[in-house]
Amino acid sequence: MSEQKLLIGAHAPFWHTGDSITKKNLNLIIAALPAAIYGIWMYGMPALRVLTLSVGCAMLWELIMNLIMKRPISIGDASAAFIGLVFGMMLPATAPFWIILVGTFIAIVVGKQIYGGIGCNPFNPVLVAMAMLLLSWKDVIDFNAALVNYDFGFNMFYPLSAVKSFGASAVSNYNLHSLFMGKQAGGIGAVFGIGLLIGGVYLILRGYIKWEISLSFLLGIYITAYLFHIHNPEKYAIPLFHIVTGYTLLGAFFLAPEDSSSPVNLIPKIIYGAGAGVLIVLIRNIGAFVDGTVFAILIMNVANPMFDKIRPKVL
Amino acid sequence: MFKRPFFKLIKPRFRYASLKDEVSVTEISLPDKAILLLEKSEVRPSELQGYIGKRIKTGQIINLRETDLVSPVTGVVLKISQYTGYLNVSYYALHIQIEEDEIEAPSEDYIPYSLPGIKNLKLLFGFNPPINHAIVMAVDTDLLVTTNQVCFKNRLDHIKNGISFITQRAKIGNISFVLFPELIKYAEELECKYHILKSIYPNSLPKLIVKDILKKHIPAGKEPEDMGVAFLSSEAVANMGVFYRGEWSFDKFITFIDKDYSITHIKARIGTPIHHILSQLGIEIEQGDRIIFGGPMRGKTIYSLDTPIDYETDAIFIQDSSEIISYSDTHCINCGECIKVCPVNVPVNMLVRLLENGLFEEAAKQYGLLSCIECGLCSYVCIARIPVFQYIMLGKYELSKMGE
Ligand code: SF4
Ligand code: SF4
């Protein structure tokens, strides 16, 4: 040996995009912020309390699970924070402390960590928690009851409950444009349609979500709702109404494209997105629940591994 | 390094480096000591022992068990040491004290095992099945590298003779060239058949050429040679031309890529240790840098500054320690980026799950492990920073061990 200098050995390739899971999650959080901030602006301290508690609890559960399972500490990848944020955004501003504690526990522990952490969850963790709440503590997230004390000078009746109970005629009590601008009752971060849309477009342009899913999801909703509507215009609301209410836009950009529980191949992505969209309208129009987003996406999560068998031939 | 752009709607598209201007080639002088590598599987140590202390001449043929060593230098054999390379291949390393060249010309009917640019020249002679189509690569197989393009442009006369070598000596009539559009005029000068390749990585990888240009299907795990197609670098063909005229050529053309990505084309004798090239070019290596033989996507790091230039060392790429991005042991998050970039539709996200758990046979059967053409793009884009390409090569290596 002529001179000894330590060289770094490694396997090819020696370049990398520089991307990381942390960067991705931080971008997801940034994209969700406009809608979240709108919620805080509208409801003030209570909304801020729900969101910060939710993010904090989610990270805490993650940390506790890391320690119990003797795995590397993973809160630095911001995945738990994002799950906490989206979960909080789906709740009403009046959500009690214990619901957040239990909900984030279900999301992080039952929805994610017991499967092995990030990348191993077969279902969207946020939706696992929401489904549990919907089934067990329905009243807590009944937006009409929860937000009864708020009056912002616009129709505070939860739009999806209105059409569910009174048919398509109820739509005339709302103005689509103001619904889109966030003038409606609902989850803290789920009502500000334009904010969610901007966040979603940002994520698509930056390549951080599977845009095929978002697009087919929205199309699935639009087309199904349209078919219902032309079939019976008295009973079923117009398609755009479905797009701007409930968890639709949150679902399209922040829930349905969740990496681990959604497909990776083109055709499966389209089937998955469109399928969830169709199911949402089915549940809303003829099912038992007011909003079908949570269950529709979960059902598609279950079917996801099957879809991904449809893939192009190798070589 | 090409980082991801801020907006990223489409998958990354890498262009190969191309030659615009005339290139000058810097000649590296002979080192004091050269090192020749011989694969252990091809020689017995006893065969080599006898040469210690002896003087060998440039062009002298030393017959060994499975191969011949044609010495690229003149000098005295000092000692024999051992060296382990990529995929656990082990070598004997002959250390030679260099003296002034004394050349033994090749005999009329001798065919060497290697020439600069081609490690296994015997491929053209008596391979089973016989090679009936030779494809000459005037393109390079990694980014930033332009060695073959330089050889094609600067050594056309030798290449002409090389074609005669292939048709006359190897009796292969079907020869065609593969090149990027910029080099068409040189191909026309040669009056040969040629295919034009779009200059987008990884188009120039042999298996993709077979698929996209020859429109033939390669079964998983098979190589182009198994279908009678041999890929030859233009440098190899140029050196066949020199040899056809009755002379030796032991100089290897190399694209040298410095830390700041400045490019120098150099010509160095086979066996020249890397530290000699670095000192000739006046380049300092710091602790923690990488020296890569090859390009950024498919090269191999070396761990010793004594490592010599070998017959297929097309490029030397020095990577600064600050550019190194380390891999991680996170799970695949199923983001699908690798699926978008893989040129042959390998379901990489499923593949890594199996490879991480050592399920190599299943990976080959169900998820196309053996169809991977080794471009490295999946690792490049992996957001979880999984060393996907490394897992793939490990999988292939383990499978080949099982097959033995
Ligand atoms: S290295 Fe990766 S991207 Fe390239 S062919 Fe193989 S699996 Fe596909
Ligand atoms: S790029 Fe990496 S994390 Fe994403 S699906 Fe492929 S292997 Fe998994």
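The values are calculated or read from the model by the stated rules, or taken from the named source; none is laboratory data. Not measured: the values here are computed from a predicted model. Glycine gets a Cβ as well: all are built from the backbone with ideal geometry, and neighbour counts include every protein chain shown. When the accessible area is computed, the model is the full protein with side chains, heavy atoms only, and any ligands, DNA or RNA have been set aside. Shrake-Rupley method; radii C 1.70, N 1.55, O 1.52, S 1.80 Å.
Calculate the translational D of chain B in whole µm² s⁻¹ from Stokes-Einstein, where the hydrodynamic radius comes from the Kirkwood formula applied to all Cα pairs, the temperature is 37 °C and the viscosity 0.692 mPa s.
146
So what does log10 I(q)/I(0) come out to for the stretch A:156-307 at q = 0.14 Å⁻¹, using the Debye formula with one equal point on every Cα and no solvent?
-0.62
Add +1 for every Lys or Arg and -1 for every Asp or Glu among the other residues with Cβ under 15 Å from the Cβ of B:K185, and state the total.
So the surrounding residues net to -4.
Distance in nm between label sites at B:N357 and B:S41, each 7 Å beyond Cα in the beta-carbon direction?
That separation, rounded to one decimal, is 3.1 nm.
At a probe of 1.4 Å, how much accessible area disappears from chains A and B on forming the pair, both sides counted, to the nearest 100 Å²?
5300
Hey, any idea what % of chain B's accessible area is carbon plus sulfur with a 1.4 Å probe?
The computed percentage sits at 48.
Counting only the backbone N, which residues of the stretch B:127-163 are under 17 Å from the spot 7 Å out from the Cα of B:K193 toward its beta-carbon?
B:130-138, B:163
Send over the per residue convex hull volume for the stretch B:31-99, Cα only, as a whole number of Å³.
80
Please give the residues from the stretch B:195-224 for which the solvent-accessible area of heavy atoms, probe 1.4 Å, is smaller by at least 20 Å² with all protein chains in place than with the chain isolated.
B:K211, B:H217, B:I218
Between A:N149 and A:M45, what is 0.36 nm times their sequence separation minus the Cα-Cα distance? Round to one decimal in nm.
Computed gain between A:N149 and A:M45 is 36.0 nm.
222 nm [θ] for chain B, helices only, -39500 (n - 2.57) per DSSP H run of 4+, per residue, to 500?
-6500 deg cm²/dmol
In whole Å, what are the Cα extents of the stretch B:67-120 along the three principal axes, biggest one first?
Principal-axis extents of the stretch B:67-120 (Cα, largest first): 36, 26, 17 Å.
Considering only protein heavy atoms, what per residue accessible area in square angstrom results for the stretch A:23-140 with a 1.4 angstrom probe?
39
Just check the stretch A:243-315 against the gyration tensor rule for me: Cα atoms, a ≥ b ≥ c as the square roots of the eigenvalues, rounded for a/c under 1.5, and otherwise prolate or oblate depending on whether a/b exceeds b/c.
Since a/c reaches 1.5 and a/b is larger than b/c, the shape of the stretch A:243-315 is classed as prolate.
Could you estimate the translational diffusion coefficient of the stretch B:242-321 from the Stokes-Einstein equation, with Rh from the Kirkwood formula over C-alpha pairs, at 4 °C and 1.567 mPa s, in whole µm²/s?
99
Binning every alpha carbon pair distance of the stretch B:74-210 at 5 Å from zero, what are the percents per bin?
So the P(r) values, bin by bin, are 2, 8, 14, 17, 17, 15, 13, 9, 5, 1.
Could you compute Rg(Cα) / (2.2 N^0.38 Å) for the stretch B:1-130, with N its residue count?
Ratio of Rg to 2.2 N^0.38 Å for the stretch B:1-130: 1.46.
Starting from the eigenvalues of the Cα gyration tensor, five times each then square-rooted, give me the equivalent ellipsoid semi-axes of the protein assembly as shown, largest first, whole Å.
63, 26, 21
Distance check, please: which entries in B:K300/B:K340; B:K222/B:K267; B:K8/B:K153; A:K5/B:K153 exceed 32 angstrom between their Cα atoms?
Going by Cα-Cα distance, B:K222/B:K267; B:K8/B:K153; A:K5/B:K153 fall outside the 32 Å limit.
Tell me, which residues of the stretch B:364-387 get at least 30 Å² less accessible area when the other protein chains come in, versus the chain alone (1.4 Å probe)?
Checking the loss per residue gives B:S371, B:Y380, B:I383, B:R385.
For every helix of n ≥ 4 consecutive DSSP H residues, a contribution of -39,500 (n - 2.57) applies; sum these over chain A, divide by its total residues, and give [θ] at 222 nm rounded to the nearest 500 deg cm²/dmol.
-17500 deg cm²/dmol
Looking only at the protein assembly as shown, where both bridge partners belong to it, what percent of the DSSP beta bridges are antiparallel (to the nearest 5)?
Here the share of antiparallel DSSP bridges comes out near 65 percent.
Keeping all protein chains in position, work out how much accessible area B:T264 exposes to a 1.4 Å probe, and write it in Å² to the nearest 10.
40
In the stretch A:282-315, which residues give up 40 Å² or more of accessible area once the other protein chains are added, compared with their chain alone (1.4 Å probe)?
A:R311, A:V314, A:L315
Treat each spin label as a single point 7 Å out from the Cα along the C-beta direction, and report the B:A220 to A:I299 distance in nm.
3.5
Taking amide H positions as placed 1.01 Å from N in the peptide plane, with prolines and chain starts having none, which residues 5 or more places from B:H133, or on another chain, fall under 5 Å of its amide H?
The answer is B:A230.
To the nearest whole percent, what portion of all C-alpha pairs in chain A is separated by more than 28 angstrom?
39
Check B:Y201: other-chain or 5+ apart residues with amide H under 5 Å from its amide H, H built from backbone geometry?
B:F14, B:R15, B:Y16
I'd like the carbon and sulfur percentage of the solvent accessible area for the stretch A:10-99, probe radius 1.4 Å, heavy atoms only, ligands and nucleic acids excluded.
80
Taking each pair of distinct Cα atoms in the stretch A:16-126 once, what is the resulting Kirkwood hydrodynamic radius in Å?
Over the stretch A:16-126, the inverse of the mean reciprocal pair distance is 14.2 Å.
Compute and list, largest first, the equivalent-ellipsoid semi-axes of the stretch B:320-404 from the alpha carbon gyration tensor, each √(5λ) rounded to a whole angstrom.
Working from the Cα gyration tensor, I get semi-axes of 21, 15, 12 Å.
How much length, in nm to one decimal, is gained on full extension between B:R245 and B:Y86, taken as 0.36 nm per residue of separation minus their Cα-Cα distance?
53.8 nm
Taking 0.36 nm per residue of sequence separation and subtracting the Cα-Cα distance, how much length would be gained by fully extending the chain between B:S262 and B:S322, in nm to one decimal?
19.9 nm
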